[in-house]
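> My questions will all concern the structure given below.
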Amino acid sequence: MKKKVFLSYSWKDKQIAMRLYNDLVRSNVAIWRDQIDGNPLADFEQEFLQAIDVCDYFIMLDSINYREKSNWCCEEIERCIQNHNKKGTPDIIVCLLDEDGKWRCSFKNKRYKDVFLQINKLKYQKLYHNVYDNENVYDTAINFICGLLGVSYERWDKIPSYQDFMDELENAESSMKQDETTTNILLNEYKNILLKIDKRYSSVKESFKIWINDCNESGLHLFFPQWTYSVWLVNQESFDAKEAFDSFLKLNTSFPNDPRSCRGLGNIAALMGNFYFNDNDKKNANYYYSIAEKLLLQAETLINLESNYRHKQICEFEISTNIGQLYYNTGRYAESLAYFEKSLVLMKKERFFFERLIQNIFVLKKFLSIPLSDIASWLDELLNDYQVEPILYQLLGLCNCELGLAKKAKKMFELAYSINPSMENLFYLVNIKTSMGVMDSNERKNILEIIKNADKSDKIWVDEIKKRV
């Protein structure tokens with residue numbers, strides 16, 4: 001029988017909680033998390049207390065937010081400690097989101113001082129999420145948790161990764177395997193590059209070139225070094241598209257049958273097509289768009305031929321999404337929707353969420369005159385799997401507005417704002433409530449107080465809210 005797990009966290013730490021929750025679900029863990037597994041119509045407090053009473057493991061994402069900014073969290077850990085002291089269960093797993101410091105001993109919330117004193121005596125697992133994870137803090141933590149729960153961690157990987165380089169060296173020709181000194185030099189050079197990236201050293205590019213050269217001099221035909229350098233170039237703030245294109249072209253010339261090289265070069269070609277298109281240079285835009293289409297379709301064919309490729313599903317998703325985006329940018333909307341819907345199948349299969357994909361599909365469905373009732377049904381189906389994603393409630397609210405279903409639209413906007421209290425979601429909620437005439441003076445006062453503290457980046461939404469209150 002599966003062990004029942006309760007995930008306790010502050011909503012201000014939702015991002016890391018979502019990542020951990022999704023990874024544990026993918027690893028076949030029976031885990032309870034409020035905004036997903038809770039019944040929206042039930043008594044919230046009673047429900048989470050009952051879930052704590054029957055859980056075997058209680059995972060606490062300990063942080064300043066948890067202790068000082070959430071009474072719900074304090075109630076959860078208090079109930080957990082009461083149960084643990086009384087009957088020996090649940091087992092408590094403490095994951096520290098903020099570095100250990102005075103905040104763990106300040107006890108600003110005096111009522112729960114004894115509870116947190118007991119928690120402070122427990123061994124904790126580092127899960128810091130506000131730094132570059134070059135020490136694999138997250139992987140170490142989730143592997144530790146999965147080990148306690150008796151399951152294997154099924155990771156949703158990102159590429160390129162340090163593990164990819166180790167794998168490629170491990171699978172190199174036998175003569176190289178015997179040369180441990182060279183292997184260690186290459187691995188250490190890459191570790192140092194990661195450290196330099198973390199510390200924002202200006203010599204990163206030069207270090208990459210030395211590392212790539214050393215890999216070539218080792219006599220190995222390695223994919224990873226040039227690939228990693230190319231990806232790093234793309235992610236620079238002062239991004240040089242031509243430089244990245246040349247780097248991916250060099251990679252694709254050496255590895256023409258690797259789907260990652262085709263995809264990378266295809267993506268950059270599409271980006272360059274966008275640059276020229278925005279400059280009204282249609283000739284060059286079409287030239288790069290045609291290169292992008294050819295390479296991305298080639299990548300799609302190559303990835304379908306792979307059977308044991310570790311990143312197959314990641315590549316499948318990214319390739320189909322990129323082809324969909326290319327067709328979207330070039331006005332081939334029906335073909336774009338077909339590829340985006342293929343990406344959606346892969347997204348649901350791998351149990352993650354990509355908001356931009358949903359927004360693109362929504363826009364395309366409306367542009368292609370698909371009935372609003374069908375679009376609303378599609379969003380409703382998605383909510384069965386992604387109950388915590390505010391964009392789904394927001395888009396469903398917009399559909400209901402156009403369908404004349406004001407009460408349903410209001411409920412959707414309320415849910416969107418409760419999960420993500422952004423100025424955009426507040427605007428939609430204020431708009432529907434004022435149009436329905438259901439906003440009283442006290443509520444207007446509260447809204448004006450809320451928007452006083454809004455960021456400057458939300459000025460457009462704030463101005464629109466002011467017009468309505």
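The values are calculated or read from the model by the stated rules, or taken from the named source; none is laboratory data. Keep in mind that what you see is a predicted model, and the values were worked out from it rather than measured. Heads up, the Cβs are rebuilt from the backbone with ideal geometry, glycines too, and the neighbour counts pull from every protein chain shown. Note: accessible area is taken over every heavy atom of the protein model, side chains too, but ligands, DNA and RNA are not part of it. Shrake-Rupley method; radii C 1.70, N 1.55, O 1.52, S 1.80 Å.
> Only one of these conditions is not met by Asp214: (1) more than 23 Å from Ile323 (Cα to Cα); (2) free of Cβ contacts under 8 Å to residues at least 24 places away in the same chain; (3) surrounded by 14 or more Cβ atoms within 10 Å (Cβ to Cβ). Which number is it?
(2)
> Taking into account only those residues within region 217-227 that are open to solvent by 10 Å² or more (accessible area, probe 1.4 Å) and in a helix (DSSP H, G or I), which is modelled with the lowest pLDDT? Working first, answer last.
Step one: of region 217-227, the residues open to solvent by 10 Å² or more (accessible area, probe 1.4 Å) are 217-222, 226.
Of the ones still in play, those that are also in a helix (DSSP H, G or I) are 217, 226.
Details: Glu217: 88, Gln226: 92.
The residue in question is Glu217.
> Checking the condition farther than 20 Å from Leu357 by Cα and at pLDDT 95 or above, which residue from Asn400, Asn431 passes?
Details: Asn431 fails: at pLDDT 95 or above.
Of Asn400, Asn431, the one residue that is farther than 20 Å from Leu357 by Cα and at pLDDT 95 or above is Asn400.
> Taking interchain pairs and intrachain pairs at least six residues apart, which have beta carbon atoms under 8 angstrom, with the first residue in region 9-23 and of a type in the set (S, T, N, Q) and the second part of a helix (DSSP H, G or I)?
Within 8 Å, the pairs are Ser10/Asn65; Ser10/Tyr66; Ser10/Cys73.
> Step by step: first the residues of region 328-342, then only those that are buried (at least 17 other Cβ atoms within 10 Å of the Cβ) and of a type in the set (A, V, I, L, M, F, W, C), then the one that is farthest from Lys366 (Cα to Cα). Which residue is that?
Restricting to residues being buried (at least 17 other Cβ atoms within 10 Å of the Cβ) and of a type in the set (A, V, I, L, M, F, W, C), the top hit is Phe340.
> Another one. Go through (1) assigned to a helix (DSSP H, G or I); (2) touching an Asp or Glu at 6+ places or on another chain (Cβ under 8 Å) one by one and return the number of the condition Phe353 breaks.
Among (1) assigned to a helix (DSSP H, G or I); (2) touching an Asp or Glu at 6+ places or on another chain (Cβ under 8 Å), the lone unmet condition for Phe353 is (1).
> Residues Asn400, Asn420, Asn442, Asn446: which one is without any contact (Cβ under 8 Å) to a residue 40 or more places away in the chain and surrounded by 22 or more Cβ atoms within 10 Å (Cβ to Cβ)?
On the way: Asn420 fails: surrounded by 22 or more Cβ atoms within 10 Å (Cβ to Cβ); Asn442 fails: surrounded by 22 or more Cβ atoms within 10 Å (Cβ to Cβ); Asn446 fails: surrounded by 22 or more Cβ atoms within 10 Å (Cβ to Cβ).
Of the residues listed, the single one that is without any contact (Cβ under 8 Å) to a residue 40 or more places away in the chain and surrounded by 22 or more Cβ atoms within 10 Å (Cβ to Cβ) is Asn400.
> Going residue by residue through region 258-272, is there one that turns out to be more than 17 Å from Asn329 (Cβ to Cβ), open to solvent by 10 Å² or more (accessible area, probe 1.4 Å) and at pLDDT below 90?
Scanning region 258-272, I find at least one residue that is more than 17 Å from Asn329 (Cβ to Cβ), open to solvent by 10 Å² or more (accessible area, probe 1.4 Å) and at pLDDT below 90, so the answer is yes.
> Name the single residue, out of those in region 350-391 being open to solvent by less than 40 Å² (accessible area, probe 1.4 Å) and in contact (Cβ under 8 Å) with a residue 60 or more places away in the chain, that is nearest to Ser418 (Cα to Cα).
In this case the residue turns out to be Val388.
> Looking at Glu243, is it in a loop (DSSP other than H, G, I, E, B) and either over 30 Å from Phe275 (Cα atoms) or open to solvent by 10 Å² or more (accessible area, probe 1.4 Å) (or both)? Please lay out each step first, then the result.
Values: in a loop (DSSP other than H, G, I, E, B): no; either over 30 Å from Phe275 (Cα atoms) or open to solvent by 10 Å² or more (accessible area, probe 1.4 Å) (or both): yes.
No, not satisfied.
> May I ask you to list the residues in region 45-81 that are assigned to a helix (DSSP H, G or I), charged (D, E, K, R) and touching a residue at least 40 places away in the same chain (Cβ under 8 Å)?
Restricting attention to region 45-81, the residues satisfying the condition of being assigned to a helix (DSSP H, G or I) are 45-54, 64-68, 71-81.
Then drop every residue that is not charged (D, E, K, R), which leaves 45, 47, 53, 67-68, 75-76, 78-79.
Scanning region 45-81 gives Arg67, Glu68, Glu76.
> Then there's this: Ile210 versus (1) within 23 Å of Leu265 (Cβ to Cβ); (2) at pLDDT 90 or above; (3) not hydroxyl-bearing (Ser, Thr, Tyr): which is the lone unmet condition?
Of everything listed in (1) within 23 Å of Leu265 (Cβ to Cβ); (2) at pLDDT 90 or above; (3) not hydroxyl-bearing (Ser, Thr, Tyr), Ile210 misses just condition (1).
> Out of everything in region 423-439 that is in a helix (DSSP H, G or I) and either over 14 Å from Leu398 (Cα atoms) or of a type in the set (Ser, Thr, Tyr) (or both), what residue ends up being most open to solvent (accessible area, probe 1.4 Å)? Reasoning before the result, please.
Start the filter on region 423-439 by keeping residues that are in a helix (DSSP H, G or I), which leaves 423-436.
Narrowing the set further to residues that are either over 14 Å from Leu398 (Cα atoms) or of a type in the set (Ser, Thr, Tyr) (or both) leaves 423, 428, 434-436.
Numbers: Met423: 16, Tyr428: 40, Thr434: 41, Ser435: 87, Met436: 62 Å².
Top of the filtered list is Ser435.
> For region 449-469, how many residues meet the condition of being of a type in the set (A, V, I, L, M) and free of Cβ contacts under 8 Å to residues at least 24 places away in the same chain? Even if it seems obvious, please write down each step before you answer.
Going residue by residue through region 449-469, those that are of a type in the set (A, V, I, L, M) are 450-451, 454, 460, 462, 465, 469.
Right, trim to free of Cβ contacts under 8 Å to residues at least 24 places away in the same chain and you get 460.
Final tally of qualifying residues: 1.
> So, in region 42-63, exactly how many residues are modelled with pLDDT under 90 and either over 26 Å from the mean Cα position of the chain (by Cα) or open to solvent by 10 Å² or more (accessible area, probe 1.4 Å) (or both)?
Within region 42-63, the subset modelled with pLDDT under 90 is 42-51.
Within this subset, residues satisfying the condition of being either over 26 Å from the mean Cα position of the chain (by Cα) or open to solvent by 10 Å² or more (accessible area, probe 1.4 Å) (or both) are 42-47, 49-51.
Summing the residues that are modelled with pLDDT under 90 and either over 26 Å from the mean Cα position of the chain (by Cα) or open to solvent by 10 Å² or more (accessible area, probe 1.4 Å) (or both) in region 42-63 gives 9.
> Here is a follow-up. So, in region 2-26, how many residues would count as being in a strand (DSSP E or B) and hydrophobic (A, V, I, L, M, F, W, C)? Let's see the steps before the verdict.
Within region 2-26, the subset in a strand (DSSP E or B) is 4-8.
Still in the running and hydrophobic (A, V, I, L, M, F, W, C): 5-7.
Of the residues in that region, 3 qualify.
> Given (1) modelled with pLDDT under 85; (2) open to solvent by 60 Å² or more (accessible area, probe 1.4 Å), identify the lone condition not met by Ser70.
Among (1) modelled with pLDDT under 85; (2) open to solvent by 60 Å² or more (accessible area, probe 1.4 Å), Ser70 violates only (2).
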